[in-house]
Amino acid sequence: MKVDKTEFAVGVFLLLGLLAILVLALRIADNDFVSDGDSYVVYANFDNIGGLKVRSPVKVGGVVVGRVEAISLNPQTFEPKVTIRLYKKYGDFPANSSARILTSGLLGEQYISIRPGFNMPGEKPQDLHNGSSINDTKSAIILEDLIGQFLYSASSGKGK
């Protein structure tokens, strides 16, 4: 059986095209074949996480410094407990840092924004480390709740 050079070239071109589509799909899904290096895990409890998902980005000033690794329910407080993996290449964040859930745009994806705290001069710096918790958290703003509050306040103001 003799393979024509044209058929071979078409087969190679097709395989390269499929490989390019696979790489593009992984880049869009934000999955890479390479890891982001060393990391550590911290925890945060929120009242409401909205549409936050596993693998959502964790950002500081727009820079992705980690990912949401897991979401569970705290059995004692019945609050969502978020496991956050932070990349060590961005350094250690102060222990009094705060975390809040924000939305990209009006209806975009939700992500965690960390606002780094500060270490007082003259005191021993306290940093987040593997297994520590972020205590200062602010939950997601739910669009349906805002609309409901607006409609309720508008309807209660009519009687006056």
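The values are calculated or read from the model by the stated rules, or taken from the named source; none is laboratory data. These numbers come from a predicted model, not from an experiment. Here Cβ is always computed from backbone atoms with ideal geometry, including for glycine, and neighbour counts include all displayed protein chains.
Working carefully through the options 111, 87, 152, find the one that is of a type in the set (Phe, Trp, Tyr), surrounded by 17 or more Cβ atoms within 10 Å (Cβ to Cβ) and farther than 17 Å from residue 39 by Cα. Only one candidate passes the filter, namely 111.
Annotation: residue 125 fulfils all but one of (1) over 30 Å from residue 87 (Cα atoms); (2) at pLDDT below 80; the unmet one is (1).
Annotation note: Cβ proximity below 7 Å between a residue of region 2-26 that is surrounded by fewer than 10 Cβ atoms within 10 Å (Cβ to Cβ) and a residue that is not in a helix (DSSP H, G or I) (sequence gap 6+ or interchain) occurs for no pair. The residue that is modelled with the highest pLDDT, among those in region 31-46 that are of a type in the set (D, E, K, R) and in contact with a strand residue (DSSP E or B) (Cβ under 8 Å, 6 or more places away or on another chain), is 38.
Among the residues of region 90-101, those identified as modelled with pLDDT of 90 or more and not polar (S, T, N, Q) are 99, 100, 101. Flag not set for residue 72, criterion: in contact with a strand residue (DSSP E or B) (Cβ under 7 Å, 6 or more places away or on another chain), closer than 15 Å to residue 43 by Cα and in contact (Cβ under 8 Å) with a residue 24 or more places away in the chain. Taken over region 62-77, the criterion of being loosely packed, with under 12 Cβ neighbours inside 10 Å and at pLDDT 90 or above is satisfied by 63, 72, 73.
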